[in-house]
Structures are given as structure tokens and as C-alpha cells.
Amino acid sequence: MRAFAGRRVVLAVSGGIAAYKAVEVCRRLVDAGAHVTPVLTPAAKRFVGEATFSALASERARLSLFDDDDPIPHVTLGQQADLVVVCPATARVIGAYAAGLAGDLLSATLLATRAPVVVCPAMHTEMWEHPAVRDNLRLLAERGVTVVAPEEGRLAGGDTGAGRLAAPESILAAAAEALAAGPQAPVRDMVGLRVLVTAGGTREPIDPVRFVGNRSSGKQGYAVAVEAAARGAKVSLVATVRRPLPDSVDLVLVETAEELRAAVVDRLPAEVVVMAAAVADYRPAAPAADKIKKSGEARTVTLEPTPDILAELGRGGQVETLVGFAAETSDVLANAEAKLRTKGADLIVVNDVSAPSVGFDGDTNEVVLLDAAGRTAVPLTSKRQVAQAILDRVVALRAAR
Ligand code: PMT
């Protein structure tokens, strides 16, 4: 099946006798080219040893929320997955997922992922027919989860009836379909909010053809704008570069710090402002009207400070939740803490731009979210995932007011 080639699949195995059949599902996914990470509940381990899954899968089986190699496995696995298949899914795991409970690695992974999820229930007939289980599965299906109904057949203890895990072929077919359908519908938790985002690096003219600038590509700010729009916000984006964007986003292109400031102020008030742009701190004090001619002489360009837009917004009272960034190369957290204190921001997104693949220009970033309540690390991941983490924090901060 070509659908799985190169895709990251979390195979989440919960504790029922059908766990032995998940071994076959694991093998077939690997054969189809998927990178399979097995996640076992403690009960699943009692039915099939972790060594079996570790041997057949693409990496060792994961069992615990506490892992020496990964400080936050409960979010890493879910965030990195292209697909999560819960096979078998017991009544307990289904209930926890429907209720939003995360007591073990498997349940936490289900809550932390935005990838498609396929749930394959297997249990005794009485449990399968219980209204609580049915209601939970209906709820999950309404949220976009694929449920692969069990079959009739022989069950544990010699009973026969509905509740036997679906055949591996059916599970793989449903999984391929879910992968093709794409990620889960985003949570619409920003409906009714005006979100103003800035992106890209400003250019401060030295003369009509030269400028003082920086290496910002605008990717991180665009990712925030796209994510906010997907979550239902009314988004304005003030940017120095043009990149693909949904039609619903109001885009204004600017070049200098002064123009960026004017465009931002023009769009206030807003419930949320995210200042992802790399705004110049200094600009040439007297840009030349004509192109400066080459001469053998050294030249001095006098720089003057630009307006500190973030600090101005922090003082202004027209923004309910203000998010600033901090691009640092040394004393990273101390400098960012100082920005949180002095700029009047509610949240500072800190990136150590001296680290490889972090910050400017690439498609990935690694940040720490800093607010009055503390720090949350977001390990190296895509800029879209970083945007999701930022907006999750914004929504949580607003809910806690
Ligand atoms: O655009 P990419 O290539 O995807 O790269 C992403 C990024 C590295 C640009 C982004 O993650 C980032 O760190 N953006 C902020 C860069 C920056 O200007 O950091 P700073 O520490 O110098 O500024 C602190 C904050 O003050 C920022 O929110 C900035 O927008 C704001 N600021 C800065 C100067 C100024 N005159 N006015 C401001 O409002």
C-alpha cells in the first residue's frame, strides 16, 4: 500500500486479548513503508511483550510518560505522527479519549495529536453494546475520528458475538483512507477573536537601492496567521514578504519599521497581537535620496533607533493578549525574561537563533514559551507546530483571566 510509504504512524495498543493481532497490523504497516512507533499501555504489555513490538516496528516500543531520551514523550509522539491507529481500543481507552483524559502515554498521545486517528474497538459483546461505549464512540466519530467497527466472532473465554477486532485488511484500508483525508479538523477555539500578526524582516533604506535588513523569511509569522485563521479568528497580517495565505486573511505589505508600526496601529484594537516580525532596532538616520556612488573612501552610516512597537502596544491598552518574540544568541532566557518584564507582553516566544535549524529562514523552529506562570519548551518541530503551541498557550492564558 503506497499510502503509508514514509509516513509516521503511532500504533497505540491497549490491553485486550486482541493485542496479539496488533502485531500483524504493525508488521503490515512496516512492510507498507510506514515508520511505526508502538505505544503500549501497561495492560497491553501483559498480553504481548514489548520486545515483540520493538523487534517488528521501526523503533522501540514506548510505555511510559517518563522517558530518559525524551523529556516530553506525551506530546512529541502525537505531534510528530501523520496517523495514530488505536488497535485494539478497549472501553477504557475509548472512554478516556472521549472525556479528554490523559492518564498514560497512549491517552496523552491521542490528545496531543492533530493527525488523523483510527480507533479499532475490541471487547466483549456486552461491553461493545453498552450505551456508554456507544455514546463515547459516537462523540469521537463526530470529532472526526475513524472508528473501525469490530466483527462478530469468537471472543476471549470461548464466547461468541460482536466485539472481535476487525480484520487487519479492514484496519489498514481505513487507516489509508484516514491518511488520505488529512489532518483532523482544527479546533475552532478562536472564533470571534481579532488576531493581528506581523511577519518578516523590515528593510530600512540606506539609499534607493540599499537597506539595513535581516534574515527573516516571514515563515514563522505566516504560520501563526494561517493557524489562527484555521481556528476561526479574524486575522490581519502585516508582513514584509508575500507567501501563500488563505483568502480570509487580510494582508498588508510593508517595508520599514515605521510602516509596520503604522499598519499595526491602524488595525487596532485587537484581542490578540503576535509580533513575530523581525523589526529593525535601528535605521539609517538620513537615507540618501540618490544611489550612493562608489568611492575608495570608508563610509559611515549613522543609525537612529526605530519605534519599539511591542513596548508601545504593551503600554497602549488596545490589545488584550500581547505576544512578543525574542530572537537571542546569548543569555537567551535571561534576555527574554527581561523582555517579558519590560515590554508589557503577556507571552514571549523565545528562540535561540544561534542553534542549528532554529529561527530565521528554515521550516523548523524550537522555542520556549515564557509567561508570568512559567516556561513551556517546544522542541524542534515545524513552524506550523510552533504556531499551534503558541496559540494553544494564548487560548489558555485568555481562559485563565
Ligand atoms: O521569519 P522567519 O524566517 O520564519 O524567522 C522567524 C523569526 C526568527 C524572525 C521569529 O521566530 C522571531 O524571533 N521574531 C522576532 C525577531 C526579533 O526582532 O526579535 P527581537 O528580540 O529583536 O525583538 C523582540 C520583540 O520586539 C519582537 O516581537 C519584535 O517583533 C518586537 N520589536 C522589535 C523591534 C522594534 N523596533 N519593535 C518591535 O516591536
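Residues S236, S216: which one is within 28 Å of the chain's Cα centre (by Cα) and either surrounded by fewer than 17 Cβ atoms within 10 Å (Cβ to Cβ) or farther than 23 Å from T321 by Cα (or both)?
Working: S236 fails: either surrounded by fewer than 17 Cβ atoms within 10 Å (Cβ to Cβ) or farther than 23 Å from T321 by Cα (or both).
None of the others qualify; the one that does is S216.
Select from the range 258-277 the residues that are within 25 Å of V353 (Cβ to Cβ) and open to solvent by 60 Å² or more (accessible area, probe 1.4 Å) and write down the one among them that is nearest to the ligand (Cβ to nearest atom).
Ranking the qualifying residues of the range 258-277, first place goes to R261.
I need the full set of residues from the range 150-183 which are in contact (Cβ under 8 Å) with a residue 60 or more places away in the chain, in a helix (DSSP H, G or I) and closer than 24 Å to E126 by Cβ, in order please.
A156, I171
Need the failing condition index for R261 against (1) under 24 Å from the mean Cα position of the chain (by Cα); (2) outside any loop (DSSP other than H, G, I, E, B), just the number.
(1)
When both residues are 6+ apart or on different chains and their Cβ atoms are under 9 Å apart, which pairs have a first residue that lies in the range 371-394 and is β-branched (V, I, T), and a second that is at pLDDT 90 or above and open to solvent by 70 Å² or more (accessible area, probe 1.4 Å)?
V378/E366; T381/Q80; T381/E366; V386/E366
Mind checking which residues of the range 278-327 are near the ligand (Cβ under 9 Å from one of its atoms), in contact with a Lys or Arg (Cβ under 7 Å, 6 or more places away or on another chain) and either open to solvent by 60 Å² or more (accessible area, probe 1.4 Å) or in a loop (DSSP other than H, G, I, E, B) (or both)?
T306, P307
Within the range 90-103, is there a residue that is at pLDDT below 95 and open to solvent by 20 Å² or more (accessible area, probe 1.4 Å)?
yes
Filter the range 187-205 down to the residues that are within 15 Å of the ligand (Cβ to nearest atom), among the charged types (D, E, K, R) and not in a loop (DSSP other than H, G, I, E, B) and list them by number.
Within the range 187-205, E204 is the sole residue that qualifies.
Tally the residues that are open to solvent by less than 60 Å² (accessible area, probe 1.4 Å) and under 21 Å from F4 (Cα atoms), restricting the search to the range 17-34.
Here is the first cut: in the range 17-34, the residues open to solvent by less than 60 Å² (accessible area, probe 1.4 Å) are 18-19, 21-26, 29-30, 32-34.
Applying the additional criterion that residues be under 21 Å from F4 (Cα atoms) yields 21-26, 29-30, 32-34.
Looking only at that region, the number is 11.
Please indicate, with yes or no, whether at least one residue in the range 219-231 is open to solvent by 60 Å² or more (accessible area, probe 1.4 Å), within 19 Å of F325 (Cβ to Cβ) and within 15 Å of the ligand (Cβ to nearest atom).
Of the residues in the range 219-231, the ones open to solvent by 60 Å² or more (accessible area, probe 1.4 Å) are none.
Among the residues of the range 219-231, not one is open to solvent by 60 Å² or more (accessible area, probe 1.4 Å), within 19 Å of F325 (Cβ to Cβ) and within 15 Å of the ligand (Cβ to nearest atom), which makes the answer no.
Taking the residues in the range 124-149 that are open to solvent by 20 Å² or more (accessible area, probe 1.4 Å) and part of a loop (DSSP other than H, G, I, E, B) as candidates, determine which candidate is modelled with the highest pLDDT.
Looking only at the range 124-149, we keep the residues that are open to solvent by 20 Å² or more (accessible area, probe 1.4 Å), and these are 124-132, 134-136, 138-139, 141-144, 146-147, 149.
In the following step, the residues that additionally are part of a loop (DSSP other than H, G, I, E, B) were identified as 124, 129-130, 143-144, 149.
Working: H124: 91, E129: 92, H130: 95, R143: 78, G144: 77, A149: 85.
The qualifying residue modelled with the highest pLDDT is H130.
When the residues of the range 345-356 are filtered to those that are within 11 Å of the ligand (Cβ to nearest atom) and either more than 20 Å from the chain's Cα centre (by Cα) or of a type outside the set (A, V, I, L, M) (or both), which remaining residue is surrounded by the fewest Cβ atoms within 10 Å (Cβ to Cβ)? Quick ask: steps written out before the conclusion?
Initially, the range 345-356 is screened for residues within 11 Å of the ligand (Cβ to nearest atom), giving 345, 347-353.
Then drop every residue that is not either more than 20 Å from the chain's Cα centre (by Cα) or of a type outside the set (A, V, I, L, M) (or both), which leaves 345, 351-352.
Values: A345: 25, N351: 23, D352: 18.
Looking at the filtered set, the residue picked out is D352.
Being closer than 22 Å to R7 by Cβ, among the charged types (D, E, K, R) and open to solvent by less than 40 Å² (accessible area, probe 1.4 Å) is the filter here; which residues of the range 60-76 pass it?
If the condition is that a residue be closer than 22 Å to R7 by Cβ, among the charged types (D, E, K, R) and open to solvent by less than 40 Å² (accessible area, probe 1.4 Å), then R62, D70 are the ones that fit.
The values are calculated or read from the model by the stated rules, or taken from the named source; none is laboratory data. Here the structure is a predicted model, which is why all the values come from computation and not from measurement. Glycine also receives a Cβ, built like all others from the backbone with ideal geometry; neighbour counts cover every protein chain displayed. In case anyone asks, the SASA skips ligands and DNA or RNA and just uses the protein heavy atoms, side chains included. Shrake-Rupley method; radii C 1.70, N 1.55, O 1.52, S 1.80 Å.
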